[in-house]
Structures are given as structure tokens and as C-alpha cells.
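*Asks:* Before I ask anything, let me first share the structure, which is written out below as C-alpha cells.
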Amino acid sequence: VRGKKEEASFRMLRADGEPEERRDVPESSGVSSQPEPQVQHRLGSLYGVPWQPPGPPIQHSPADQETSTVTQQQWHLQGLGRSELQAAGLPEAQLGEAAESSPFLLGSEVGQPYSSSPPSEEVLSLLRAIPPIPDEVVVRQKRAPHGSWKVGTLLHGKRVYAVAISGSTHHVYTCGSGYIRVWDESALQAGNKAPQAQLDLQDPQDCVVTCKLFPDEQSLITGGASQAVTLWDLAPTPQVRARLTSTGPTCYSLAVSSDAHICLACFHGFVEIWDLQNQILIRKHEVPVYGSRCVDITGNIFWTGGEDTTLYSWDLRNYQRLHQHDLQNEILSITHDPGEEWVLAGLRTSDIAFLHTRRNEQFKALVKKYTRHHSLKFASCGSYFVTAIDTRLSGLEAPSLQKLFQIEESSGILCCDVSSDNQYLVMGSKSSATVYQLLY
């Protein structure tokens, strides 16, 4: 539906997977999203423009078509085979429905063992002659961690507004006002080790509030309260590769395409679309002023959202608006799963909205707690994601949404990242970053 707001039609779930009807949530909790005074004049808001309390209800025109929903159970069933479905105690009817969409359910009748005549001796001798499959080519089930262990603290010295961790080298990049600090793996196990390097920003008053590692982890791109988006080479020695001069004063969010050819930089009221290979600004794309706090990209679609509670999707080829989904609460973060099939939006109420990128399927996981910060990060293995709300970070299994682990910090969590090898988790706070090792 182009140009029309789609009324939210979500299946409501608790974060642990239990269905629940949505109750009214007060639109204001008295919690301010304003940053500290020393950076307020540069940023306006920590991750966007100052939060405005919602105004009178907006009358929305009905969508041209109803949006179908996907339940958490249906999402979970897509990944199960017959034995797992039977173990789950599904009724015969549901087992039959699952069989229609699953190529792995066998048998003359669903739920019944497959019957056939015993194989002949010729077939058995042929099977015995087949060599075993090497371990390295066996596709193993994706694992999800069951816990975490705190291994160290990185003393950044100022607020850590953005953080990234490499899976190949386990280097950590803590970003904030005036500089970026680089920590090697040995620092992850210590509480007082000096950083490997400090990268001073061009202007000491500049502040980095968003950063993204490239898929090959050889480059980092940063944005924030400055007049440029900065591209860094990380090896062999971290250094500036290019400064992409911006048309806005503050970049609130960045997104990099899976092939690292395109970067989206989100500003107040517009998104800059950059060709990273040639370092050329392709387009300055206007988006709703109060829908430009955060940005993400999945294939040929990019997504924006913010204070106006609407998640917008745009076609990267012709720049037309595809859909807009009313999520009913302010959007603080957007991320996606590694397969780019699901987009997750973290809301000010701590709820998480899930939308399929190619089908009209969506649901919400409810938390119902107003928050200043809501960070989301999907693990590269796709089996879990983390959600950081104020001082608490939770790891949730995908797609069951069962809680895997929970971490409580002493101060507010401003950002988080998971290493691409799924071994480490890092969180930024008011003066340091905390590193956890994930336990399997």
C-alpha cells in the first residue's frame, strides 16, 4: 500500500513467548530522553531529536487491504520437523497444516510412520559402499547461548554512545565525544589495561553516536555530531580513509548494505545515500522529520522510524515509499535478522515489533516498560538476538522468543554489539564498556 498508513494488526506476545492481550499503556512516563548538558547543544537528543509527548490521536485512513498476522507459534513451526512437532504435542489438525508447508514431513498420513518394503541386499550393499560425509561439510544446527560471563571492563573515560566488536580479531571500538578508543583482545580480560590506540576526531567537540563495522570487519564507519560521516581503515593500523561531507549537523543512525557498497546516514528529516566504493553522495532522500531517528537496510528496501511512531519502508531503486506501519509508540532502534527476512523495531515502551520484509506478517513482543534507551542486535548466527533496555540486557532465542540469559548493569546501557563469531557481547555505558563472554 503506497502512501497510506497501515493500521497496526499485531499478534501480542510476551518476551518469553506467552500470548497476551495488549492493555492500555500510558503515553508518558515522565522519563526524559534528553542527554547530559555537556553534549545536549551538539546532539539535541542522544539518538535523535528531543522526544515530544504524543499529541492528539491522528485519524488514519483505512488501508487498501487488511494486513495478515503471523503468530509466534506459526513462526516457530516453520523451523520444526515431524519428530519435533510430535514432541510438541500438536493436535493432528495442526500437524497436518504444518505438513503442507514443510518438505520434511514424510509418511502416507501425517504423524504416521512411513511404511515400505525392506531394502534388498543389492541396495544395502550399495549404501555400505558410500563413503562417510566429512565433518567439515556437515551443516550443524545453530546454537544459542545459555548464559554469559563478565570478563572485563574497558575504561573509555567518557560516555560510550556507540560500540562495535570484531569477530575475527576481537578488537573493540568504543565511541563517544572527542575520540574513539581501540582495544585488543588482551584488554577484554583486564579491567585496567590501556587501549591499543586512540583515534582523535577532527574537532575535539565532535561526538560519535553511531558506528557500523563493515561485513569484512576491515573498515568502520562513524557518524554523529559533526559535519561528516567518517570512513576508517582498521588494518594494519586504524586511520581515516575518507570524510564524507554531510549536509546535516548530526547523524543519528547508520546502516551498511550486506555487500558494503551502500551506506545510509540518517539525519533530521532526510537520509543520505552514499556509494562507499566511489565515496559519492547518490541522493539526499527526504523522510518525515519525526520519522528519522533510526535507519536500516535489507536488500533493496530501507527502513526509517522515530518519534511519530511510524515505521516507513522505501524502495532503494526508485526511492518510492512502499509501506508505513503504525507501531503506536516511538521507535528507538531498528535492526534485522541475518537472512534479511525480519525487521525488528525497538519501541519506547520496551516492546519489540517484528515485521516480515516480503510478506504481510507481523507481531509484537510485549515488555510494557517505558525506557530512555532501547538497543537491538541480532547475532550473526541468526539463532538469537539481544535487547538492551535501560540497565538490563536480555538474550532471546529466535524464533521462540524464550529468554536465554539476562544481564543487569549498574548504569544505563547506551549501546551494545555481538561479535560475528558469537563469542563476545559488549555494552557501552556512562564511562566504560563492559565485555561478556557468551556460554554455550
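*Asks:* Using +1 at the C-beta of Lys and Arg and -1 at the C-beta of Asp and Glu, which of 388, 373, 431 has the Cα lying farthest in the positive direction of the dipole of the range 343-440?
*Replies:* The one lying farthest along the dipole's positive direction is 373.
*Asks:* Taking every pair of alpha-carbon atoms in the range 298-396, give the share separated by more than 23 Å as a whole percent.
*Replies:* So the pairs more than 23 Å apart make up 22 percent of the total in the range 298-396.
*Asks:* List, in order, the whole-Hz ³J(HN,Hα) value for each residue of the range 284-293 obtained from phi through the Karplus relation with A = 6.51, B = -1.76, C = 1.60 and θ = phi - 60°; use x for Gly and Pro.
*Replies:* After applying 6.51 cos²θ - 1.76 cosθ + 1.60, I find 9, 9, 6, 10, x, 4, 9, x, 10, 7 Hz.
*Asks:* Taking the simple approach of a point 7 Å from Cα along Cα-to-Cβ for both residue 403 and residue 381, what is their distance in nm?
*Replies:* In this crude spin-label approximation the distance works out to 2.1 nm.
*Asks:* Give the share of C-alpha pairs in each 5 angstrom bin for the range 344-440, from 0 to the last occupied bin, in whole percents, shortest bins first.
*Replies:* Bin by bin from 0 Å, the calculated values are 3, 13, 25, 25, 19, 11, 4, 1, 0.
*Asks:* Please report the spacing between the Cα centers of the range 173-220 and the range 306-359 in Å, no decimals.
*Replies:* Each part's Cα centre sits 29 Å from the other's.
*Asks:* Quick one: order 436, 319 from most to least accessible surface, probe 1.4 Å.
*Replies:* 319, 436
*Asks:* Could you give the length gained on full extension between residue 241 and residue 259, defined as 0.36 nm per residue of separation minus the Cα-Cα distance, in nm?
*Replies:* 4.6 nm
*Asks:* If you don't mind, another one. Given the Cα-Cα distance of residue 439 and residue 151 and 0.36 nm per residue of separation, how much length would full extension add, in nm?
*Replies:* Taking 0.36 nm per residue and subtracting the Cα distance, the gain is 102.5 nm.
*Asks:* In this model, which of 158/369; 158/193; 368/430; 158/368; 212/403 are farther than 21 Å apart at the alpha-carbon?
*Replies:* Going by Cα-Cα distance, 158/369; 368/430; 158/368; 212/403 fall outside the 21 Å limit.
*Asks:* Tell me the carbon and sulfur percent of the accessible area for the range 164-228, rounded to whole percent, probe radius 1.4 Å.
*Replies:* Here it works out to 44 percent.
*Asks:* Classify the range 143-439: rounded, prolate or oblate, from the alpha-carbon gyration tensor (a ≥ b ≥ c, eigenvalue square roots; a/c under 1.5 rounded; otherwise prolate if a/b is larger than b/c)?
*Replies:* Cα axes put the range 143-439 in the oblate bin.
*Asks:* Fully extended, how many nm does the chain gain between residue 341 and residue 120 (0.36 nm per residue separation, minus their Cα-Cα distance)?
*Replies:* Additional length available on full extension: 75.1 nm.
*Asks:* Next question. What whole-number value in Å² describes the accessible area per residue of the range 187-319 for a 1.4 Å probe?
*Replies:* 40 Å²
*Asks:* Once you charge only the Cβ atoms, +1 for Lys and Arg and -1 for Asp and Glu, what is the size of the charge dipole of the range 143-439 about its Cα centre, to the nearest 20 debye?
*Replies:* Using Cβ point charges on Lys, Arg, Asp and Glu, the range 143-439 gives about 540 debye.
The values are calculated or read from the model by the stated rules, or taken from the named source; none is laboratory data. Remember, predicted model here, so these are calculated numbers, not experimental data. Reconstructed Cβ throughout: ideal geometry from the backbone, glycine too, with neighbour counts over all protein chains shown. Quick note on the areas: whole protein, heavy atoms, side chains included, nothing else; ligands and nucleic acids left out. Shrake-Rupley method; radii C 1.70, N 1.55, O 1.52, S 1.80 Å.
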